[in-house]
Amino acid sequence: MIICENCGAELPDGAKFCHNCGNTVADVPVKQDLGEKCAYFKADGLRYAILNGEAVVFNQLGECAETVTVPDVVNYNGKVYDVTAISKDAFKGCKRLSQIVTGNKVTEIGEEAFSGCTILKSITIGEGVKAIGKEAFSGCTILKSITIGKGVKTIGEDAFAGCEKLTRVNYTGDLKNWCEIDGLNFLMTSSDRALFVDGKKLEGQIAIPDGVKKIGSGAFRYCNKITDIVIPKSVTSIGDNAFDCCNNLKMICYTGNLAGWCGIEGLYALMKTGRAIYIDGKELSGDLVIPDGAKSIGADAFRGCSGLTSITIPDSVTSIGARAFAACSGLKSITIPNSVTSIGYRTFYNCSRLTSVTIPNSVTSIGADAFWGCSGLTSITIPDGVTSIGSSAFRDCSALTSITIPDSVTSIGSSAFRDCSALTSITIPNSVTSIGNCAFEGCSQLKKIYYKGTKEDWAKIGIGTEAIAHKVKICYYSENKPKLSLTTKYWHFAADGKTPEIW
């Protein structure tokens, strides 16, 4: 037996609706009930619940209306209540609903509140709304325009999924507030959507206002009419997909200095090959000197800066982020200071003209894909402190002819030297315990591997699938000239102490 919370009528188990008073037998999920008993009532075609002194729109009465206007206030038993929320599933699947206007006192639109309203054409979300719930308008297949009030702070996951006809987004606030909304990547999901902020269409040159610290995820996604953007020095982070598919964005101007630029998080969302970068009025090209005092070079800081030819990094820098110099296709040389301890993921990925790089002894790891595609690199010295070589670290370094791996290395990642087609020899220390899948696949000129251990030591190494081609001969180290063998080769260092030489 179920007791109706509104009128006290006894209802059979499993009942979802009270035929005595019209109450829906369910919780109101938009807000937590802090102990006050819910009171349900009907007014002007809508059913409400009173929760903690505020009114929540629960659902419609009877047949769905074509237009719903959620009021600012509602009267119940002689008392006026602010209407502050629209419940989860409140209008879900209403097939006649074509227009919605929310009151200015509504602060929250619940999950799936208008999901599946398939003839809904326009929405005006009041200035008081702060949160739009998960899938709130999903499946509104002919929705063409939406006006979002300046109070919105968060947009839930897939809030506008399946809104295939949505072509116009109007935001009543300013650009500063727009940048700070969380979840815009769930709204700006199509190249067909024109964005209007404070009545102005975003196109051509735009300037992010001073004082903005964060540009949120998806903030300018698919704004493919933007050509230039000014980023103020106040910005410290840029969210995922913030500038995704801004295909006509060609110029980025940052008003701060180089050290400030290096510290911005999330530059992956902004940095693309072919975009001119101006920092403090100067284009990034030619020789670049990172200023003394900079402690880190953030992820993607100079990714795609094809005009850079050389980079000097000061001793104050202790870390270089992922993809920091990826696709710097004009970069020829770089010196990494002794303060740096690791080379991260794709740091120099596709730096195709890089011929010289100095790795200091302070570096202990070379990350995955670190030098992948550095096709101009002819030789490299891995310092004695390195303990691991990441997967695909030197993949497609097609000009690399030889390399010596130091005794400190214990693992060589999968595809680490894959398609190094000019590599003719390599020395592997007996400290290595694992060689990943395809580590030397595609090394068509590799005939010999000089192993600094015995045949028994080699047998103990975990060697992955297709790591070494069958034609490659493994030569084992021996300080003294062994007896001649037709099947086993031995080697030692020549007089210079560096060059491997077969006995």
Problem - Residues that are open to solvent by 10 Å² or more (accessible area, probe 1.4 Å) and within 18 Å of SER296 (Cα to Cα), drawn from the stretch 361-388 - result: SER362, THR364, SER365, GLY367
Exercise for the section: State all residues of the stretch 473-487 that are β-branched (Val, Ile, Thr) and either surrounded by 14 or more Cβ atoms within 10 Å (Cβ to Cβ) or at positive phi (or both); if no residue qualifies, say none. Expected result: ILE474
Exercise for the section: Consider MET271 carefully, then state whether it is open to solvent by 40 Å² or more (accessible area, probe 1.4 Å), under 22 Å from LEU175 (Cα atoms) and of a type in the set (A, V, I, L, M, F, W, C). Expected result: no
Exercise for the section: Can you run down the residue pairs with Cβ atoms below 6 Å, 6 or more apart or on separate chains, where the first is in the stretch 342-356 and closer than 16 Å to GLY367 by Cβ and without any contact (Cβ under 8 Å) to a residue 60 or more places away in the chain and the partner is open to solvent by 40 Å² or more (accessible area, probe 1.4 Å) and assigned to a loop (DSSP other than H, G, I, E, B)? Expected result: ARG346/ARG323; TYR349/TRP372
Handout entry: Residue count for the stretch 168-208, restricted to those that are open to solvent by 50 Å² or more (accessible area, probe 1.4 Å) and closer than 18 Å to ASN247 by Cα
Key = 7
Fill in the blank from the handout: Just one listed residue, out of THR102, THR124, is surrounded by fewer than 19 Cβ atoms within 10 Å (Cβ to Cβ), under 23 Å from GLU66 (Cβ atoms) and polar (S, T, N, Q), and it is THR124
Exercise for the section: Assess whether THR147 counts as being among the β-branched types (Val, Ile, Thr) and open to solvent by 60 Å² or more (accessible area, probe 1.4 Å). Expected result: no
Completion exercise
In the stretch 450-465, anything open to solvent by 70 Å² or more (accessible area, probe 1.4 Å) and assigned to a loop (DSSP other than H, G, I, E, B) is listed as LYS460, THR465
Exercise for the section: Taking the residues in the stretch 425-449 that are modelled with pLDDT of 95 or more, of a type in the set (Ser, Thr, Tyr) and open to solvent by less than 70 Å² (accessible area, probe 1.4 Å) as candidates, determine which candidate is farthest from the chain's Cα centre (by Cα). Expected result: SER431
Handout entry: Checking CYS397 against (1) surrounded by fewer than 16 Cβ atoms within 10 Å (Cβ to Cβ); (2) over 20 Å from ILE474 (Cβ atoms); (3) not aromatic (Phe, Trp, Tyr), the condition it does not meet
Key = (1)
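Please state which one of SER352, SER375, SER329, SER362 is under 25 Å from VAL432 (Cα atoms), in a loop (DSSP other than H, G, I, E, B) and hydroxyl-bearing (Ser, Thr, Tyr).
Working: SER352 fails: under 25 Å from VAL432 (Cα atoms); SER375 fails: under 25 Å from VAL432 (Cα atoms); SER329 fails: under 25 Å from VAL432 (Cα atoms).
That would be SER362, the only listed residue that is under 25 Å from VAL432 (Cα atoms), in a loop (DSSP other than H, G, I, E, B) and hydroxyl-bearing (Ser, Thr, Tyr).
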Exercise for the section: Could you figure out which of (1) at pLDDT below 90; (2) closer than 26 Å to CYS397 by Cα isn't true of GLY330? Expected result: (1)
Exercise for the section: Working carefully through the options LYS134, LYS92, LYS150, LYS105, find the one that is of a type in the set (D, E, K, R), farther than 24 Å from THR189 by Cβ and in a loop (DSSP other than H, G, I, E, B). Expected result: LYS105
Handout entry: Any pair with Cβ under 6 angstrom, 6 or more apart, that starts in the stretch 398-421 at a residue that is modelled with pLDDT of 95 or more and ends at one that is assigned to a strand (DSSP E or B) and hydrophobic (A, V, I, L, M, F, W, C)
Key = ILE412/ILE389; ILE412/ILE435; GLY413/ILE389; ALA416/ILE389
Exercise for the section: Return only the number of the condition from (1) in a strand (DSSP E or B); (2) at pLDDT 95 or above; (3) of a type in the set (A, V, I, L, M) that ILE123 does not satisfy. Expected result: (2)
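Yes/no matrix, rows are residues, columns are (1) in a loop (DSSP other than H, G, I, E, B); (2) of a type in the set (Lys, Arg):
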site	(1), (2)
PRO209	yes, no
SER217	yes, no
ARG221	yes, yes
ILE229	no, no
LYS233	yes, yes
CYS246	yes, no
LEU249	yes, no
ALA259	no, no
GLY274	yes, no
Fill in the blank from the handout: When (1) open to solvent by 40 Å² or more (accessible area, probe 1.4 Å); (2) in contact with an Asp or Glu (Cβ under 8 Å, 6 or more places away or on another chain); (3) of a type outside the set (Ser, Thr, Tyr) are applied to ASN241, the one that fails is (2)
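The values are calculated or read from the model by the stated rules, or taken from the named source; none is laboratory data. Remember, predicted model here, so these are calculated numbers, not experimental data. Please note: Cβ atoms are built from the backbone with ideal geometry, for glycine as well, and neighbour counts cover all protein chains shown. All accessible areas refer to the heavy atoms of the entire protein, side chains included, with ligands and DNA or RNA removed. Shrake-Rupley method; radii C 1.70, N 1.55, O 1.52, S 1.80 Å.
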